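Worksheet: one structure, shown below.
The values are calculated or read from the model by the stated rules, or taken from the named source; none is laboratory data. Quick caveat, the model's predicted, so the values are computed rather than measured. Reconstructed Cβ throughout: ideal geometry from the backbone, glycine too, with neighbour counts over all protein chains shown. What goes into the accessible areas is simple: the full protein's heavy atoms, side chains included, and nothing from ligands, DNA or RNA. Shrake-Rupley method; radii C 1.70, N 1.55, O 1.52, S 1.80 Å.
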Amino acid sequence: MVHNFRELIVWKKSIELSKRVYQLTKTFPSNELYALTSQMQRAAVSISANIAEGAGRVTDKDFAHFLSIALGSAYELETELVLAQNFGYLDETVCAEVNSLIVEVQKMLCNLMNKINKV
């Protein structure tokens, strides 16, 4: 069953998260451009991209699989955010704000996967 990913709130939230990550990483040192900056941006984009790709798959099982990949990327991004704070690239307030958005997306992905798997 094909889903319209543009109607999914979790997809919209993940787009918001990607924009926020790109804003944050602009402030990182230039020596991080091909390291943590790139990793964080790719993980953030991967969340929304995998939601969209999974929504276009024929079966709900396939959709749930891509949602699990998106969830993995969300956990990866959460870890990279902690590293960025530990390296002194982000202050605690900004880190907490972005982490809150990441956790919200993680919960939404889990709920959607549970809903799909019960069908």
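Any idea what the dipole of the stretch 30-119 comes to, in debye rounded to 20, about its Cα centre with Lys/Arg Cβ at +1 and Asp/Glu Cβ at -1?
Working: 6 positive and 11 negative charges, 108 e Å.
Taking the Cα centre of the stretch 30-119 as origin, the dipole is about 520 debye.
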Exercise for the section: Kindly express, to the nearest 10 degrees and within the range 0 to 90, the angle between helix 9-25's C-alpha long axis and the longest C-alpha principal axis of the chain. Expected result: 20
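Hey, what number do you get for the chain at 222 nm if only DSSP H runs of n ≥ 4 count, each worth -39500 (n - 2.57), divided across all residues, to the nearest 500? Don't jump to the answer; show the numbers that get you there.
Numbers: 4 runs with 91 residues, N = 119.
The per-residue figure over the chain is -27000 deg cm²/dmol.
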Practice task
Measure nothing but the geometry: give the 0 to 90° angle between the long axis through the Cα atoms of 36-55 and the longest principal axis through the Cα atoms of the chain, rounded to 10°.
Solution key: 10
Practice task
With everything on Cα atoms, drop me the angle between helix 60-86 and the longest principal axis of the chain, reported from 0 to 90° to the nearest 10.
Solution key: 10
Exercise for the section: For an R0 of 25 angstrom, estimate the FRET efficiency from the Cβ-Cβ distance between Asn114 and Lys12 and round to the nearest 0.05. Expected result: 0.80
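Place the peptides 62-69, 32-39 in order of packing, highest mean first, counting for every residue the other Cβ atoms within 10 Å and averaging per peptide.
By packing density, highest mean first, the sequence is 62-69, 32-39.
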Practice task
Might you tell me the accessible area per residue for the chain, computed with a 1.4 Å probe and given in Å²?
Solution key: 57
Fill in the blank from the handout: Which of (1) 30; (2) 46; (3) 42 gives percent of Cα pairs over 23 Å apart as computed here? It is (1)
